[in-house]
Amino acid sequence: MTDITATTPARAVPDNTAPQEDAATILRRKEKRMAAVFLAPTVIGLGLFVVVPIIASVVLAFFRWDVITSPKWAGLDNFHSLFSDPTLRSAFANTIFFVVTTVILQLAVALGLAVLVQGIMPRWLQSTLRSVFFFPIILSAASVSIIMSYLFNQQFGLVNTYLNDLGLGSIPWFTNGFSAQVMIILIYVWQNFGFTFLLFLGGLASIPRDVYEASSIDGATGWRQFRHITLPLLSPTTLVASVMAIISALQIFDQPYVITQGGPGNSTETVVMVIYQDAFGQLQFGTASAIGVLLTIVIMLVTALQFRLSRRFVYYS
Amino acid sequence: MTDITRRVALGAAGVGTLAALTAGFPRLSGLDVPGRHGNALRIALFGTQQQAAQQDALIKAFQAENPDIKVVMIPIQASDWGGFFAKVLTMVAAGTPPDVVNVATEGAQLFAAKLAEPLDDYIRRPAERAAMQDYFSDVHPSLIESFMYKGSLYQLPANFNAANIFLSNTALHKAGYDYPPDDWTKDDFVTMLRAIKKTNPGAVPFYWANRMWGGVTPWLYINNTSILRETKSPAGAAADWLWNGFYKGVPAAQGRSGGPLWLEAQATIPSVEETFELLREMVKDGLSSSPASGGGGALVPQFASGRVATTTAGGYWVDGLAQAGVKNDQYDVQFMPKWKSQSHQFGASGWSMMRSSSRKEQAWAWLKFISSRKGMYLSAPKPTTTPCRRSLCAGSVEIDGVTHPFYSAEGPKHWKVFYETLDRFPGTGPFTAPPSEPAIELALDKNTINAVGGSASQMRSALRSLQGDLTRALETRA
């Protein structure tokens, strides 16, 4: 905070520097005003569309509300009901399974391809592949899911048609619990690894070449350089990428909703799908909000844990 | 060239933003939402902007009879009826509910319980007697009963679709079969599928989509059972003014109630298990497809190309097949085969007047018009559905002295099956759709794949899971 008294001399003692200091103060005030003007749209937007809905959602978690009638106070009932809901338990189990598998796959694929592209490919191919790998991310997840459900339709899908032509028979891609989970994971990773890939590519570019040169002189090559130089120096990027991937995977919705609607059985039902179903299927906006609050707490805890662990595993210099 | 200073650039950007905000103000503030601040009757329709535009003739005809009522059609796009109702509910939450909503069986009881105005008092007005008698005389009572909830009528049904069996004539002839008789049995059906599989190995003998309408439900109904136990509300006052009033002397109306109720899950009872077992065996033997999720959109080209020999569909499919180039004589339609009964399931749709509407008289005028012969015809001038008025469900339709082709231009040889399904089988009724229908349908879809896609023990486990999901869905709404 600016201390005006420290920079503005007392009026009783005229000073030649006074007009200059006043001008500086005025300038600073002007700058503050300009900063406020420029920041206002973002602050107002965030406030209206992020902060207010978050607060409203937390408040709603303590009410029963079906949109049509007035909300009724429910205390902690909505939270109590969550712990006895087998659907939610299974959805949390599925979500954790999705998070673990998609994050590991996403990071592994993105890192592998980033190393390959940065280290081996010629420059023109690098830029082409950057675009190719990033492309799925700009597609609508719902559109991708619809196309995938057509491609892998057990009866008439293109993939099974070719498999049948080869005499391999049809595969129940989405009509068997385990294969449906695997397919959802693969589709999700295919669509999302591009961003992680770009992060890793940036991280790799920032590792000084002389570290590799020095290690080469010491006789280190290939895997040893990757294990002892690339991975440790990429750890800040890995931290950011994994935090973002986990937060995103915890909110997985589009793919299972469009392709399997959570089935077969409850095998692909995720927490966000339960939130949607409770809110718009069952008109239980209070319960849906309570699950939302619970999911937010889980995300915050996981992220905090990651940053805590990062003290041991992340090298910033 | 003049240098552009940062100050000028920022100023220009500011002015530009201000101009964009001013130009976009109606959109940003919602002022341009159709009919929001006018005095028009706001009608929410499940469909696209293009489908809403196709209702122009209907709106013009309505306004010719009601020049003082301005109508705004609000098309709401969604992947299914559940999505449509969710969007209507967001309009309600936002304080801008429509006056009239296009509601199908899926949402009939949800709307009746929470949002819709009962129509009993409007229908019983002496001034409406003639128009309403004309309507009820032309509409099968089971359609009316399906839109009754706890003794009151909430909609005048406009169209319906019963799940019948569509047959590819090519596949049938190849298997040495002709058009099956009306009273064929489920064993006849399975035998026919085996013959089709033998003579046409590349084809799918029977295809079905995994959904409430036309999925497992028709098979449950012909086996005289259902995943939810159905009871009936007492008819109450409707027994006098409706069943013994407008429907006096109509045998099909005798014993009708105040609407169906589904309060209890029964997915594990032997008859339900028996039905799922039939489908499971058909899938296992390669007589039926493994059920895919979703509607029948992807099915049209498969049926048109002869890759699918039989499937469940309704009158709505006739125009779709014609558009895909399928000739009338390439396919036919027959009732569901007989098992313990031959009761069919149907889904219907109509128009609900919103309880919150401040334009109820105008809304009633719309409901009355759209249930007239002219209004009902104009709302669906092609066989994209089955009109609820029997007189419209014919080879051709005469409106204002002009004869229009209907099933005579597009339609299979036995198109009369569509409406006769109601006349021939009195037990025919709506699929199970309590107020929590979206959750019921989701539970059925999710568990059906497991129930028919594996062993008998997996099927029983899936039915137990279905029972649990259904019970929770019914409890939470109660």
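Probe of 1.4 angstrom, ligands and nucleic acids ignored: what's the accessible area per residue over segment B:15-148, in square angstrom?
Numbers: 5990 Å² over 134 residues.
Ligands and nucleic acids excluded, the figure is 45 Å² per residue.
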Chain pair B, A: total accessible area buried, heavy atoms, 1.4 Å probe, Å²: 2700
Principal-axis tilt of helix B:456-477 within chain B, Cα atoms, nearest 10 degrees: 40
Amide hydrogen neighbours beyond the local backbone of B:Val204, cut-off 5 Å, H modeled: B:Val308, B:Ala309
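What is the Rg over Rh value, at two decimals, for segment A:77-313, using alpha-carbon atoms and the Kirkwood definition of Rh?
Numbers: Rg = 20.9 Å, Rh = 20.0 Å.
In segment A:77-313, Rg relative to Rh is 1.04.
Taking the Cα centre as origin and putting +1 on Lys and Arg beta-carbons and -1 on Asp and Glu beta-carbons, what dipole magnitude results for the protein assembly as shown, to the nearest 20 debye? Walk me through the numbers before you get to the answer.
Details: 63 positive and 57 negative charges, 223 e Å.
Dipole magnitude for the protein assembly as shown comes out near 1080 debye.
For chain B, with only Lys/Arg (+1) and Asp/Glu (-1) charged at the beta-carbon, what is the dipole magnitude about the Cα centre, in debye rounded to 20?
Details: 46 positive and 42 negative charges, 139 e Å.
The calculation lands at about 660 debye.
Starting from the residue with the highest accessible area, list A:Thr128, B:Thr432 in decreasing order, probe 1.4 Å. Kindly include the intermediate steps, with their values, before the conclusion.
Working: A:Thr128 65, B:Thr432 0 Å².
Largest to smallest exposure gives the sequence A:Thr128, B:Thr432.
Percent relative contact order of chain B, based on C-alpha pairs within less than 8 angstrom and at least six residues apart? If you can, show how the numbers build up before the last one.
Values: 861 pairs, mean separation 110.3, N = 478.
This gives 23 percent for chain B.
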Size of charge dipole - chain A - debye, nearest 20, with Cβ of Lys, Arg +1 and Asp, Glu -1, no other charges: 480
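Please tell me the relative contact order of segment A:77-313 in percent, rounded to the nearest whole number, where contacts are Cα pairs under 8 Å and at least six residues apart. Could you put the intermediate results ahead of the total?
Numbers: 249 pairs, mean separation 71.1, N = 237.
Value for segment A:77-313: 30 percent.
Quick one: with all protein chains in place, what share of the accessible area of segment A:231-317 is carbon or sulfur, to the nearest percent (1.4 Å probe)? If you can, show how the numbers build up before the last one.
Details: 2450 of 3590 Å².
It is 68 percent, rounded to a whole number.
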Helical segments meeting 27 Å axial Cα length and Kyte-Doolittle 0.0 threshold in chain A (DSSP H): A:18-46, A:86-119, A:177-205, A:285-313
On Cα atoms only, tilt of B:105-114 relative to the major axis of chain B in degrees: 50
Crossing angle, helix B:129-138 versus chain B [Cα axis fit, 0-90 degrees, rounded to tens]: 40
Selected from A:Thr221, A:Thr238, A:Thr230 as most flexible by GNM, with chain A as the system and alpha-carbon contacts under 10 Å: A:Thr221
Peptide-level mean, for B:63-70, of C-beta atoms on other protein chains within 10 Å: 0
Largest to smallest principal axis extent of the C-alpha atoms in segment B:111-239, angstrom: 62, 32, 24
Interface residues, segment B:113-157 - accessible area loss of 30 Å² or more versus chain alone, probe 1.4 Å: B:Lys114
Under 16 Å from B:Lys327, Cα to Cα: lysines that are on another chain or at least 8 residues apart: B:Lys382, B:Lys413
Surface/4 estimate of mean projected area, convex hull on alpha-carbon atoms of the protein assembly as shown, nm²: 49.3
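Hey, with R₀ at 41 Å, roughly what FRET efficiency would A:Ser57 and B:Ala20 work out to, going by the Cβ-Cβ distance, to 0.05?
Values: r = 31 Å, r/R0 = 0.75.
E between A:Ser57 and B:Ala20, to the nearest 0.05, is 0.85.
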Long-range amide H partners of B:His404 with built H, under 5 Å: B:Val397, B:Glu398, B:Ile399
At least 30 Å² of accessible area lost relative to the chain alone, listed for segment A:151-181 with a 1.4 Å probe: A:Gln155, A:Phe156, A:Thr175
Loop chymotrypsin sites (Phe, Trp or Tyr not before Pro), segment B:112-143 (other Cβ atoms within 10 Å of the site Cβ: 16 or fewer; DSSP): none
Taking the convex hull of Cα positions in segment B:43-128, its mean projected area over all directions (nm²): 6.8
Zero-based 5 Å bins, Cα pair distances in segment B:66-181, whole percents: 2, 8, 14, 16, 16, 13, 10, 7, 5, 5, 3, 1, 0
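Can you check what the net charge comes to around B:Lys413, using other residues whose Cβ is under 9 Å from the Cβ of B:Lys413 (Lys, Arg +1; Asp, Glu -1)?
Details: positive: none; negative: B:Asp329, B:Asp332.
Charge balance near B:Lys413 sits at -2.
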Per-residue average of Cβ from other chains inside 10 Å of B:93-102: 1
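Which of B:Lys150/B:Lys248; B:Lys174/B:Lys340; B:Lys174/B:Lys197; B:Lys87/B:Lys114; B:Lys87/B:Lys360; B:Lys186/B:Lys284 have a Cα-Cα distance over 19 Å? Display every interim value, and only then the final one.
On the way: B:Lys150/B:Lys248 21 Å; B:Lys174/B:Lys340 30 Å; B:Lys174/B:Lys197 10 Å; B:Lys87/B:Lys114 15 Å; B:Lys87/B:Lys360 22 Å; B:Lys186/B:Lys284 17 Å.
The pairs that break the limit, which is 19 Å between Cα atoms, are B:Lys150/B:Lys248; B:Lys174/B:Lys340; B:Lys87/B:Lys360.
So with the 1.4 Å probe, I'd like the accessible area per residue for chain A, rounded to whole Å².
Values: 17970 Å² over 317 residues.
Solvent-accessible surface per residue comes out at 57 Å².
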Of all accessible heavy-atom area on chain B, the percent that carbon and sulfur account for (1.4 Å): 53
At least 30 Å² of accessible area lost relative to the chain alone, listed for segment A:268-310 with a 1.4 Å probe: A:Gln277, A:Phe280, A:Gly281, A:Gln282, A:Leu283, A:Gln284
20 Å binning of all Cα-Cα separations within chain B, expressed as whole percents from 0 upward: 23, 53, 20, 5, 0
Vicinal HN-Hα couplings computed from phi for segment B:78-92 (Karplus, 6.51 cos²θ - 1.76 cosθ + 1.60; Hz; Gly/Pro x): 7, 7, 7, 5, x, x, 4, 5, 4, 6, 5, 5, 5, 5, 5
Positive-pole candidate from B:Gln334, B:Gly429, B:Gly320, dipole of chain B, charges at beta carbon: B:Gly320
log₁₀ of I(q)/I(0) at q = 0.15, 0.20, 0.23 Å⁻¹ - segment A:194-317, Debye sum with one point per alpha carbon: -0.82, -1.09, -1.25
Residue-averaged 222 nm ellipticity for chain B, from DSSP H runs of 4+ at -39500 (n - 2.57), nearest 500: -12000 deg cm²/dmol
In order through segment B:7-12: 3J(HN,Hα) via Karplus (6.51 cos²θ - 1.76 cosθ + 1.60), integer Hz, x for Gly, Pro: 4, 5, 4, 5, x, 4
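The values are calculated or read from the model by the stated rules, or taken from the named source; none is laboratory data. Computed from a prediction, not measured in an experiment: that's the story for all the values here. For neighbour counting, all protein chains shown are included, and Cβ atoms are generated from backbone atoms with ideal geometry for every residue, glycine included. Please note that ligands, DNA and RNA were not included when accessible areas were found on the heavy atoms of the full protein model with its side chains. Shrake-Rupley method; radii C 1.70, N 1.55, O 1.52, S 1.80 Å.
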